[in-house]
Amino acid sequence: MSFFTDLAHQYIDGEWRTGSGSWDIIDFNPYNGEKLAALTVATVAEVDDAYRAAERAQKQWAQTSPYDRRQVIERVLRIVEARRGEIVEAIMDELGGTRGKGEYEVALAESFLREAMLIAMRPQGELLPSPLAGKENRVFRLPVGVVAVISPFNFPFLITLKSVAPAIALGNAVVIKPNQNAPVVGGGLIARIFEDAGLPAGVLNVVVTDIAEIGDALIEHPVPKVISFAGSDRVGRHVAAVAAAHFKRAVLELSGNCALVVCDDADLDYAVDAAIFSRFVYAGQVCMAANRILVDRAVEREFTEKFVARVEALKTGDPRDPETHIGPVINEFQAEALTALIEQALADGATALVRGRAVGNLLEPTVLTGLPDDSPILRQELLGPVALLIPFDGEDEAVRIVNDTPYGLSGAVHTANVERGVEFATRIETGMFHVNDSTVNDDPLVPFGGEKSSGYGRLNGESTIEAFTTHKWISVQHGKATFPF
């Protein structure tokens, strides 16, 4: 199958359609600039078609047995397992990810599909007591109806499936709007897999479009009850405001500015390994990536020498080369923005321990230290291979530095004393924090989400059930009630 020929379309009510908008989204390979596909954007009318198809299909889908819904998700899993190699190839072409990145993303997606199979069976009702004689209170957990999923470019296959699979397993219908940089891996590919798994037409729809064409129609539309969004905090604020104005639930996974902290008793070789992965996985284009690496001054020199040596050994280049560690950033705009940030930091007084070259969308890794406390680069998300080394004196200073950011997604601390690490983690204003590990972690069972400008709401496990279902109270009066008038 040629993914970029067959799947570069709108998918509405079980039909592959060409959009009728006024312009095309061009899907490029970020490494070599090859044109993969051109997709004419969906219009407001097609967004309405997708939502209305989802609304119709959901009513019948919600009446199906959870066992039947589980079987569909199981078939999706088997298809992903069988096509893993093709999916990894698509990730390499459309996202510029290395083979290791693609395999990591697909393997984690498979884990979430296994959890979605179980989620289909987990919603439970309750029978609650009443102070009134003969009153029976039944509380049902029901699907919300239609869910809109707006996914990012960096892990589009995984992050889209994290919402789509459990939402469908719970009896909802879904409309996906993939990122313009990942319209196939985050959209058409997922639609085809569910189609091949036998999902009824209309339960899953994909619209490839942009706010320039449809405005806020995707969020304002009366059909969707939940908006699951992953992306920047700037766009997330807008999504949250529009959703709230229309009384919709929003689950927001937003930007990060994570820190990995190396204490004076850390295993330095292991901490270097964790820091390299945390900062440079998928060229640093991960919301959980460790932008900032904090090192206790007692071990600063030794850690820095080891870290810089490892960074200098990283190979930047063709993501299809098995020796490549760092492929391209997603597009020219991102490459130019990162280069400008580095140059500004150097102008403000930072020192480059490693200064990578920029060739097109390929950015060799850069390591900066000696940053002034008020340097803007310290407080923003860096979606690229740029590491900031920051020394500290004692845990109190480390806590202050880690928390000195508008974001609060993830982080990590390395120490020989696990309980010291846990106590440190409790002082950090993030939704997730890890002791003696990478900052980049996800688990199908554990609540995933951030604090502050990193979003609100949680996914995974029971949190996913909360996100995509609603409670309904139905009371039954046995015998006759008495009324006050």
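The values are calculated or read from the model by the stated rules, or taken from the named source; none is laboratory data. None of the values given here were measured: they were computed from a predicted structure. Methodologically, a virtual Cβ is constructed for each residue, glycine included, from the backbone with ideal geometry; neighbour enumeration extends over all protein chains shown.
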(message) Please verify whether GLY102 is surrounded by 21 or more Cβ atoms within 10 Å (Cβ to Cβ), without any contact (Cβ under 8 Å) to a residue 40 or more places away in the chain, over 30 Å from VAL476 (Cα atoms) and out of contact with any His (no Cβ under 6 Å at 6 or more places or on another chain), treating the condition exactly as stated.
(response) yes
(message) Just to check your reading of the model, which residue among PRO406, PRO372 is touching a residue at least 24 places away in the same chain (Cβ under 8 Å) and under 25 Å from the mean Cα position of the chain (by Cα)?
(response) PRO406
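Every residue, every condition in (1) β-branched (Val, Ile, Thr); (2) in contact with a helix residue (DSSP H, G or I) (Cβ under 9 Å, 6 or more places away or on another chain), yes or no:
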site	(1), (2)
ASN32	no, no
ALA45	no, no
ALA57	no, no
TRP61	no, yes
ARG70	no, yes
LEU77	no, yes
VAL80	yes, yes
GLU110	no, yes
ARG114	no, yes
(request) Mind listing whichever residues of the stretch 1-57 are surrounded by fewer than 16 Cβ atoms within 10 Å (Cβ to Cβ), part of a loop (DSSP other than H, G, I, E, B) and among the β-branched types (Val, Ile, Thr)? (result) THR18
(request) Pick out the one residue from ALA275, ALA309, ALA290, ALA283 that is assigned by TED's automatic domain parsing to the domain that holds LEU353, more than 29 Å from the chain's Cα centre (by Cα) and small (Gly, Ala, Ser). (result) ALA309
(message) Looking only at the stretch 130-164, how many residues end up being touching a residue at least 40 places away in the same chain (Cβ under 8 Å) and in a loop (DSSP other than H, G, I, E, B)?
(response) 11
(request) Would you be able to tell me the number of residues in the stretch 300-358 that are closer than 18 Å to GLY33 by Cβ, touching a residue at least 60 places away in the same chain (Cβ under 8 Å) and surrounded by fewer than 17 Cβ atoms within 10 Å (Cβ to Cβ)? (result) 2
(message) I'm trying to understand the selection: among the residues of the stretch 410-427, which are out of contact with any strand residue (DSSP E or B) (no Cβ under 6 Å at 6 or more places or on another chain) and either within 22 Å of ASN154 (Cβ to Cβ) or surrounded by 20 or more Cβ atoms within 10 Å (Cβ to Cβ) (or both)?
(response) THR415
